[in-house]
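Data first, discussion second: the structure below is written as structure tokens.
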Amino acid sequence: MIELTKIGKNISKSDADYEFIGIAYFSEKGAEILKKVYDDCKRNAKGRFHESESFDRASDLDLIQEIIDRGFVVNALEVYKGWIEVHNKKDIEIAEKML
């Protein structure tokens with residue numbers, strides 16, 4: 001497992017080691033932490049929130065960064081095969097050929 005220290009869309013390519021694929025899994029404890037941090041931020045966050053202009057416009061990445069900044073360990077799993085991103089019809093055609 002990889003311990004994350006920073007996550008977001010605006011990390012320079014020279015500093016980024018991986019890309020978030022949009023799938024997250026939380027243990028029971030992790031889900032509790034997520035809920036508590038979310039609720040706390042919902043009540044108390046003012047102004048910019050990490051990469052977003054406000055908490056109300058924040059992404060999941062902003063919330064995960066907040067969890068990291070609060071000192072919780074967030075791990076990632078490297079996916080290096082068996083995965084394809086599908087964004088359009090051409091991607092679907094490529095995926096169908098692969099399968």
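The values are calculated or read from the model by the stated rules, or taken from the named source; none is laboratory data. Predicted model, so just to flag it, every value in this text is computed and none were measured. Ligands, DNA and RNA are stripped out before the accessible areas are found, and what is left, the full protein with its side chains, is counted by its heavy atoms. Shrake-Rupley method; radii C 1.70, N 1.55, O 1.52, S 1.80 Å.
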### Message
Restricting to segment 32-52, give me the number of residues that are open to solvent by 80 Å² or more (accessible area, probe 1.4 Å) and assigned to a loop (DSSP other than H, G, I, E, B).
### Response
2
### Message
Condition first: under 13 Å from Ile23 (Cα atoms) and open to solvent by 100 Å² or more (accessible area, probe 1.4 Å). Now tell me which residues in segment 79-99 satisfy that.
### Response
Trp83
### Query
Under the condition of being open to solvent by less than 100 Å² (accessible area, probe 1.4 Å) and among the polar types (S, T, N, Q), which residue from segment 8-31 is modelled with the lowest pLDDT?
Ser12
### Task
Those residues that are assigned to a loop (DSSP other than H, G, I, E, B) and more than 14 Å from Leu34 (Cα to Cα), I need them from segment 59-98; list them, please.
Leu77, Glu78, Val79, Tyr80, Lys81, Gly82, Trp83, Ile84, Glu85, Val86, His87, Asn88
